[in-house]
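Notes to accompany the following structure.
The values are calculated or read from the model by the stated rules, or taken from the named source; none is laboratory data. This structure is a prediction, so every number in the text was calculated from the model and none was measured. Every residue, glycine among them, receives a Cβ derived from its backbone with ideal geometry; neighbour counts consider all protein chains shown. We work out accessible area using only protein heavy atoms, side chains counted, and drop any ligands, DNA or RNA first. Shrake-Rupley method; radii C 1.70, N 1.55, O 1.52, S 1.80 Å.
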Amino acid sequence: MKQNNCAETVDRMQRGVAWGMLLCGITYLIILAEDLTPKGTLNSILDKVTLGGVAITMAVTIIAIWPALKQKLSGQLIGAKEPEGFLSGAMLTSFKNGWIATTLSITILLSLSSRFELLELPIRFYFTSLFAIAVLSVSISFFWLTREDDLENMED
Amino acid sequence: MHPEIDNRIRVFRAEHRMSQGELAEAIGVSRKTISTIEVGKFVPSTIIALKIARYFKVPVEEVFSLTDMEQQSA
């Protein structure tokens, strides 16, 4: 049986997932802005933008994952037998960087917790912030590590 | 960049008159993986290194070498 080279499919999936995470992080930043804005016109606009952000994030993520999932279900994508590639390595490094950024953020929040209590913000605000930091740091790290290089594109 | 490892993939590709995409397809990785290995941005796994060497029908040491070892022996 002919085995398709699934590396390009996996690369496209990795890029799509990173885009999905970036859009998800931006959506959560908009949710934060919505939480801090008093009820009114701006708040309702931010609410609608959030709904749009959620829809776009889901669409981008599903579109990114679907081709790889389809190949996996049809038995053409055999991940364990494929050697790892540059983008897979970059994604793993980005998850490590995201973990560092989230841990640092939690440490800062803990050290300043007594001051944050004075702000009387809802607990949801902090969870939303941490989630936004986690997904944004992973996606930004991924795009930084995989940025195009003129030297790479030299074929000869 | 990894200054410790040098590779001659571009030389072997030129000898075989093949593009990065064709080599990538032949060994089952993406074109981006080949291009980043060539410029020393990505250090390949042993499996990828052996697949590249096997494709060009040469020992892996002919494709990849440690630059500091070459300097020591010179």
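Scanning the range A:29-57 for residues that are open to solvent by 70 Å² or more (accessible area, probe 1.4 Å) and not in a helix (DSSP H, G or I), we see that the one that is nearest to A:P122 (Cα to Cα) is A:P38.
Within the range A:131-154, which residues are closer than 29 Å to A:I106 by Cα, of a type outside the set (A, V, I, L, M, F, W, C) and open to solvent by 50 Å² or more (accessible area, probe 1.4 Å)?
Selection gives A:R147 alone.
Taking the range B:1-11 as the region of interest, how many residues are open to solvent by 10 Å² or more (accessible area, probe 1.4 Å) and either hydrophobic (A, V, I, L, M, F, W, C) or within 18 Å of B:V58 (Cα to Cα) (or both)? Here the count works out to 7. Give me the residue from the range A:80-116 that is surrounded by fewer than 12 Cβ atoms within 10 Å (Cβ to Cβ) and modelled with pLDDT under 85 and, out of that set, nearest to the other protein chains (Cβ to nearest Cβ). If we take residues in the range A:80-116 being surrounded by fewer than 12 Cβ atoms within 10 Å (Cβ to Cβ) and modelled with pLDDT under 85, then A:K81 is nearest to the other protein chains (Cβ to nearest Cβ).
Residue-level analysis places A:A18 outside the set of residues that are without any contact (Cβ under 8 Å) to a residue 24 or more places away in the chain and under 30 Å from A:S88 (Cβ atoms). Of all residues in the range B:15-48, those that are at the interface with another protein chain (Cβ under 7 Å from one of its Cβ atoms), open to solvent by 30 Å² or more (accessible area, probe 1.4 Å) and assigned to a helix (DSSP H, G or I) total 2.
Scan (1) within 24 Å of A:V60 (Cβ to Cβ); (2) at pLDDT below 95; (3) of a type outside the set (V, I, T) for the single condition A:A132 breaks and write down its number. Of (1) within 24 Å of A:V60 (Cβ to Cβ); (2) at pLDDT below 95; (3) of a type outside the set (V, I, T), only one is false for A:A132: (2). Contact map, the range A:83-112: first residue aromatic (F, W, Y), second residue in a loop (DSSP other than H, G, I, E, B), Cβ cut-off under 7 Å, separation 6 or more or different chains; pairs are A:F86/B:F42.
Kindly indicate whether any position in the range A:52-63 is within 14 Å of another protein chain (Cβ to nearest Cβ) and under 22 Å from the mean Cα position of the chain (by Cα). Within the range A:52-63, not a single residue is within 14 Å of another protein chain (Cβ to nearest Cβ) and under 22 Å from the mean Cα position of the chain (by Cα).
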